[in-house]
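Note sheet for the following structure.
The values are calculated or read from the model by the stated rules, or taken from the named source; none is laboratory data. Since this is a predicted model, take the numbers as computed values, not measurements. Cβ coordinates were reconstructed from backbone atoms using ideal geometry, including for glycine residues, and neighbour counts include every protein chain displayed.
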Amino acid sequence: MSFLTPLYLLAGLAVTLPIVFHLIRRTPQGRQVFGSLMFLEQSPPRMTKRSRLDNLLLLLLRGLALCLLAFAFARPFFRSHQESLAQEDVGRRVAILIDTSASMSHTDQWERAVEEVNELLNSVSASDSVSLIAFDQQANSLISFEDWQELPASNRQSTAEEKLSELKPTQRRTELGNALIYAADLLAQNSERKISRRQIVVVSDFQEGSHWEVLRGYEWPEGVEIEPRIIELENALTNATAHVISATNTADKDLRLRVQSSKNAQSETFDLQWDRDQLESLEASISDISPSKTRVYVPPGQSKVVRAPEIPDGLAQHRLLLTGDDVEFDNVSYVAPVAPGNVQILYFGDPDASGPEGLSFFVEPIFPSTSTRQVTITDWDSLDAVPDVNDPAITLTLIGTNCDEEQIHWLRDSIQSGRPAIFVATSVEQGMQIYDLLEISPSPVTEITPEDYAMIGEVDLTHPALSPFDDPRYADFTKVRFYGFRSFDPNSFPDARALLSFEDGEPFLMEIGNRQLILMTAGWGRDESDLAVWSKFVPLMNGLLEHLENRVEEQPQLYVGDSLTPALLKSPHSEIWFQEPEDAPIRVTNDSPFVLEKAGIGKFAESEADLNEGNAHEIAINLHPDESRIDLVAFESLEAAGLPISSATIALLAEEENPESSRQLMNRELESRQRLWQWLLLAALIVLILESVISGSMQRRSGRSVFSTQS
Amino acid sequence: MPSSSSSAPRPYPPPSYIDSQSLMQIKSLELRAKSVVEGLMNGIHRSPYHGFSVEFTEYRQYSSGDDLRYLDWRLYARSDRYYIKRFEDETNLRCHLIVDNSRSMTYGSLGYSKEDYAKTLAATLAYFLTQQRDAVGLLRFSDKVDEFIPARFRVGQLRRLLTSLESAPEGTSSGINAALEEAAERVRKRGLFVVMSDFLTNVDILQSRLGYLRAGGNEVVVFQVLDPAEMSFDFDQPAVFLDAETGQELFVDPEQARSQYQRRLQEHLDQVSAICDGLGIYVSRLTTDSPLEVAMLDFLETRLRVTQTRRQ
């Protein structure tokens, strides 16, 4: 038998206490005034024969209880040969996490990280179980615990080093929290082998923007330790980064950037410059008088919004370089210029109506040109020849008059070809033409003239064209008045969706089927309605235009590591082709997203052919802004979140290799398995209960006798 | 012959006597004294000790040879018998009560102390003697003489004595030897000295001091007042015993110490008895649970014996 904590046996000396208590049982219970002490002498406390005989059992029980307690605290265990042999297998279970995020690519950080991991691998013993996990935005297991165990002991280290040598830092951001959770879950799993210690060793720069905050809500498994190996940057490096606030087009001279500086920055002045060709020419291009360069002053730890320098003509790649800091990996920002879209509206209107009572008076103000689109409104009557019905330049048709046969024929083909149209029913006769256009059997159209005026009663705010109004501040549609409108038979358009309806339920604005046709039952002429002077009219019509055109004004900001889908790019198609910089095009659907790996200008198009023919949309992919926050994370915050971070790493590893420590470890394992102390405690408890019972009965008896003596 | 007391149990008192504990419940010392005396006087008439009192012992018939100066002519005129008037001279007794007021007397295991008992005894004697028209004085002492009231028979003497007895003790230790010496010096006329003390003190020079009193032709009666617990030492728990007089502390296990204590106490008592016997002093040893009437009867008995002895 052995003891885990033999010093506790010294507590067994407490067994002398009951003996002493029994000896001094007759110590003074109080003070007694007496007439004279001239006939008395001091009595030494001693045990009378009578008391010894009476309390011997109690003494034995009390002594036994104390001995059992001391024995239990000493944590005894039996050391058998078989168990000792079994214990030889006990080893650590170590998950080595290596940071491969973009920030690790700075200078020699990656080499130092690899060196650190190699050093760790050298220190593991044959009984240890190791898992090598690379992490950036997601954790990627290079070698699992099972793989490690299956490998021959002699090959383990070389295999791990080989895997490590294939590894390179990516351009993704760091998700330290998720990686730790992944590793902790792995370690918390039960293992068939005996484990002396569960440990996560994290080799990382522990940057501030490493997204560890998810750990706050995670219950850290018991017994799993974290050992940080910090690949520190050289003292107080200055890092600054520029991020494009919003995408812009080539005509926009006011590209705005947010320039951010690190907390420990030594320098406060940075330069922003468009990269003309290659980075090699950077030195030559920088001069204080260059118009393509902007100098910006940002104090440490602060950020500033600045205008980007003017984009020089003929710039193919829109790479904005930031210079003046020490860390280079995040100094390039990519900007994808968006060419303004051309919108051509073919208008079928009454040529005689030139005043505010006619539609054409307001058509141009309704669809103004903006920085992202160039709107051209062409009157059918002004055309010299009938345009090709498949002309892609014509975006939309706007029908607001009685059309002749030729026009109806052309429009019918146009609608059938999928070109969107807005049909404004200005009269009953003109309204009837919609049936011709859609080639459906006509139904009567009724002219409605309310007594005073009609108002909008129902609004379908779920429709994409109306969703911008889905806010209590903008959802009031009661201001506009209608003095007359046309009522269509609802059964005529079974697949129609009413976007706006009058108070009596008659629709004002309908989207008919998938034919990209919008039917308005009232026009915006001033004698028919107040639409033209209604504040929501222009946004409403432009919303309809965008909806029909399927045009996206602004693409989202994309970062390396994002999952690209057609939905993310607001594409109406469920499938697009995407080409990463310097990479082959691939097909991307909503179900099979593509994870962005490289920063740069990516291209996407509806088909592979469009991509190859240069009809692609460009989109900028940048490093995640958080990756630039390279100041060291506050470890106090990590510890406050409940992470068991150990610092004395080397000392612990050295201790592990010590044979004395391993013997201690083995003993601990044996003891924890046998748990003899629990039985000893139980025995002590039983003895104490017995003692209480006996003592109580004796007390009662002696209490009676004392009382009788006193009385 | 002067008789000495013995520690053997007495055949009396009969149960009709007032219980000491009940008596001590009475707050007024005077009332206590009256209760004892009157109870005793009532009892005397019925008791076999009829005639033991001072008054009754001093009346006797004329016999030939008696001095005619002492013939009570007034009584002769009424009864036509000759009675010797001598009793007036004899009954003009001068009695001094010497009461120990030291701290050791404050001990008591029955709810009242030896001092209470001694005071009551003194008050009873004073009252009784005053009733008998005797002159009574008082000497209270502790480590020194606290108060001395010469023996008088006059109005207010009893009140004065009782007031003095009720006053609080002043000293600490017992200076019985000094008190006896001073009593012998102050009291010039012969008389009776009744000493009430526990005599728990060094008895080396007690003999000489008592001897002073006796040498002056005085009668001395000693009441040694002790608590029953002091006699039996029947404590059952070990405790730190605190000396009431000196403040000395001593851890004592009664079971161990009892036999030795009793032996030493008995030796001491024997010494006191031996000293008194040697001087012809009557010693009455009283425990505080014994009725005061016993003490009174002891006193009267002693007086009777003294008178008889003298008469013989």
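Details
- Residues in the range B:197-230 that are of a type outside the set (Ser, Thr, Tyr), assigned to a helix (DSSP H, G or I) and under 19 Å from the mean Cα position of the chain (by Cα): 8 in all.
- The set of residues from the range A:441-466 being among the polar types (S, T, N, Q), in a loop (DSSP other than H, G, I, E, B) and within 15 Å of A:Pro507 (Cα to Cα) comprises just one member, A:Thr449.
- Condition met for B:Gly217 (at pLDDT below 85 and either surrounded by fewer than 16 Cβ atoms within 10 Å (Cβ to Cβ) or more than 9 Å from every other protein chain (Cβ to nearest Cβ) (or both)): yes
- Tabulated pairs, the range B:150-167, first at pLDDT below 90, second in a loop (DSSP other than H, G, I, E, B) and of a type outside the set (S, T, N, Q), C-beta under 7 angstrom, 6+ apart or interchain: B:Ala151/B:Gly191; B:Phe153/B:Arg133; B:Phe153/B:Asp134
- Test: residue in the range A:577-599 that is closer than 21 Å to A:Gln207 by Cβ and of a type in the set (Asp, Glu): yes
- Only one of A:Glu439, A:Glu405, A:Glu458 that is among the acidic types (Asp, Glu) and at positive phi: A:Glu439
- Listed by position, the strands (runs of 3 or more DSSP E) enclosed by the range A:467-529 that each have at least 2 residues that are under 21 Å from A:Pro442 (Cβ atoms) and within 47 Å of the chain's Cα centre (by Cα) are A:496-502, A:507-512, A:517-520.
- Single unsatisfied condition, A:Glu406 versus (1) without any contact (Cβ under 8 Å) to a residue 24 or more places away in the chain; (2) part of a helix (DSSP H, G or I); (3) over 21 Å from A:Asp352 (Cα atoms): (3)
One line per residue, one yes/no per condition, for (1) under 30 Å from A:Lys168 (Cα atoms); (2) not in a strand (DSSP E or B):
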site	(1), (2)
A:Ser333	yes, no
A:Gln344	no, no
A:Ser354	no, yes
A:Pro365	no, yes
A:Thr378	no, no
A:Pro387	no, yes
A:Pro392	no, yes
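- Conditions (1) out of contact with any Pro (no Cβ under 6 Å at 6 or more places or on another chain); (2) farther than 19 Å from B:Asp100 by Cα; (3) more than 12 Å from chain A (Cβ to nearest Cβ): number failed by B:Asp204: (2)
- Filter result for the condition that a residue is free of Cβ contacts under 8 Å to residues at least 24 places away in the same chain and surrounded by 20 or more Cβ atoms within 10 Å (Cβ to Cβ), over B:Asp253, B:Asp236, B:Asp227: B:Asp253
- The sole residue among B:Phe235, B:Phe241 that is within 7 Å of chain A (Cβ to nearest Cβ), assigned to a loop (DSSP other than H, G, I, E, B) and not aliphatic (A, V, I, L, M) is B:Phe235.
- Residue match in the range A:295-308 (condition: surrounded by fewer than 18 Cβ atoms within 10 Å (Cβ to Cβ), modelled with pLDDT under 85, part of a loop (DSSP other than H, G, I, E, B) and on the phi < 0 side of the Ramachandran plot): no
- Total residues in the range B:285-298, condition more than 14 Å from every other protein chain (Cβ to nearest Cβ), modelled with pLDDT of 85 or more, surrounded by fewer than 22 Cβ atoms within 10 Å (Cβ to Cβ) and not in a loop (DSSP other than H, G, I, E, B): 1
- Search result, residues across the range A:390-411 that are crowded, with 16+ Cβ neighbours inside 10 Å and out of contact with any Gly (no Cβ under 8 Å at 6 or more places or on another chain): A:Ile394, A:Thr395, A:Leu396, A:Thr397, A:Ile399, A:Asn402, A:Cys403, A:Gln407, A:Ile408, A:Trp410, A:Leu411
- Test: B:Gln262 is over 23 Å from B:Val99 (Cβ atoms), over 17 Å from the mean Cα position of the chain (by Cα), at the interface with another protein chain (Cβ under 8 Å from one of its Cβ atoms) and surrounded by fewer than 18 Cβ atoms within 10 Å (Cβ to Cβ): no
- Residues in the range B:269-284 that are touching a residue at least 40 places away in the same chain (Cβ under 8 Å) and either part of a helix (DSSP H, G or I) or hydrophobic (A, V, I, L, M, F, W, C) (or both): 11 in all.
- Filtered residue count, the range B:244-257, keeping only those that are assigned to a strand (DSSP E or B) and within 7 Å of another protein chain (Cβ to nearest Cβ): 3
- Among the conditions (1) over 28 Å from A:Glu597 (Cβ atoms); (2) buried (at least 18 other Cβ atoms within 10 Å of the Cβ), A:Val117 misses just one, which is (1).
- Reported count of residues in the range A:172-186, each being in contact with a strand residue (DSSP E or B) (Cβ under 7 Å, 6 or more places away or on another chain), surrounded by fewer than 23 Cβ atoms within 10 Å (Cβ to Cβ) and among the hydrophobic types (A, V, I, L, M, F, W, C), is 2.
- Condition broken by A:Ser246, with the remaining ones in (1) more than 30 Å from A:Ile96 (Cβ to Cβ); (2) modelled with pLDDT under 85; (3) more than 29 Å from the chain's Cα centre (by Cα); (4) of a type outside the set (A, V, I, L, M, F, W, C) satisfied: (3)
- Scanning the range A:351-387 for residues that are surrounded by 11 or more Cβ atoms within 10 Å (Cβ to Cβ) and among the charged types (D, E, K, R) yields A:Glu357, A:Glu364, A:Arg373, A:Asp379, A:Asp381.
Yes/no per residue for (1) in contact with a His (Cβ under 8 Å, 6 or more places away or on another chain); (2) of a type in the set (Ser, Thr, Tyr); (3) part of a helix (DSSP H, G or I):
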{"site": "B:Leu121", "(1), (2), (3)": "no, no, yes"}
{"site": "B:Thr124", "(1), (2), (3)": "no, yes, yes"}
{"site": "B:Tyr127", "(1), (2), (3)": "no, yes, yes"}
{"site": "B:Gly137", "(1), (2), (3)": "yes, no, no"}
{"site": "B:Arg154", "(1), (2), (3)": "no, no, no"}
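Residues checked against (1) at pLDDT 75 or above; (2) assigned to a helix (DSSP H, G or I); (3) in contact with a Cys (Cβ under 6 Å, 6 or more places away or on another chain):
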{"residue": "B:Tyr17", "(1), (2), (3)": "no, no, no"}
{"residue": "B:Ser22", "(1), (2), (3)": "yes, yes, no"}
{"residue": "B:Arg32", "(1), (2), (3)": "yes, yes, no"}
{"residue": "B:Val36", "(1), (2), (3)": "yes, yes, no"}
{"residue": "B:Met41", "(1), (2), (3)": "no, yes, no"}
{"residue": "B:His45", "(1), (2), (3)": "no, yes, no"}
{"residue": "B:Pro48", "(1), (2), (3)": "no, no, no"}
